[in-house]
Amino acid sequence: MSRYLISFENGAMDHIPEEDFPEVGKAAHAVVREAQEAGVLRFTGGFDYSAGVGHAVVGTDGLVMDGPYPESKELIGGVMIVSVPTREEALVWAGKIAAACRCPQDVRMFMDDPELVD
């Protein structure tokens, strides 16, 4: 099985009216439950940049910088990691999350590491 990161940019859901968020949350949780029941979900969650704990980058010298890495153009808003046999199946899960969250999803495959156990 390969692991895939399904993610969307912070702000990708800004077009959704506030009163629709309970419905969006319900739809997203339904997809998460479906992924759990299918045995493909490894992790999922969203990032809260308003919680008072900001985004930080730790350099190779140990220096801590607040905010995104200088060359970074985006912050991740939310992620789902699935373990599935094919890229096509990962794209199906991304489509389900895209529909639920009402925003496009980025799909990336993790490199295999024989020292890690799935």
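Overview of values
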{"read-out": "Expected 222 nm ellipticity per residue - DSSP helices of 4 or more, -39500 (n - 2.57), all of the chain, to 500", "value": "-9500 deg cm²/dmol"}
{"read-out": "Karplus-derived HN-Hα couplings along the stretch 98-104 (A = 6.51, B = -1.76, C = 1.60, θ = phi - 60°), whole Hz, x at Gly and Pro", "value": "4, 5, 5, 8, 6, 8, x"}
{"read-out": "Table column - 3J(HN,Hα) (Hz), the stretch 74-89, Karplus curve with 6.51, -1.76, 1.60, x for Gly and Pro", "value": "8, 10, 7, x, x, 9, 9, 10, 10, 10, 9, x, 9, 4, 4, 5"}
{"read-out": "Value of D in µm² per second that Stokes-Einstein yields for the stretch 2-109, Kirkwood Rh from Cα pairs, at 10 °C (1.306 mPa s)", "value": "105"}
{"read-out": "The chain: relative contact order as a whole-number percent, Cα under 8 Å and 6+ apart", "value": "48"}
{"read-out": "Geometric extent, Cα atoms of the stretch 1-40 - Rg, Dmax (angstrom)", "value": "12.9, 39"}
{"read-out": "5 angstrom amide H check on G77, placed H, neighbours 5+ away", "value": "F8, E9, N10"}
{"read-out": "The stretch 31-40 - phi-based ³J(HN,Hα) in whole Hz, Karplus 6.51/-1.76/1.60, Gly and Pro as x", "value": "5, 4, 4, 4, 5, 4, 5, 7, x, 9"}
{"read-out": "Charged-residue dipole, Cβ positions (Lys, Arg, Asp, Glu), the chain about Cα centre, Debye nearest 20", "value": "280"}
{"read-out": "Amide H within-cut-off set for R42, under 5 Å, with H built and near neighbours excluded", "value": "I81, V82, S83"}
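Values in this text are rule-based calculations from the coordinates and carry no lab data. What you see is a predicted model, and the numbers here were worked out from it, not measured in a lab. Cβ sites come from the backbone with ideal geometry, for glycine too, and all protein chains shown count toward neighbours.
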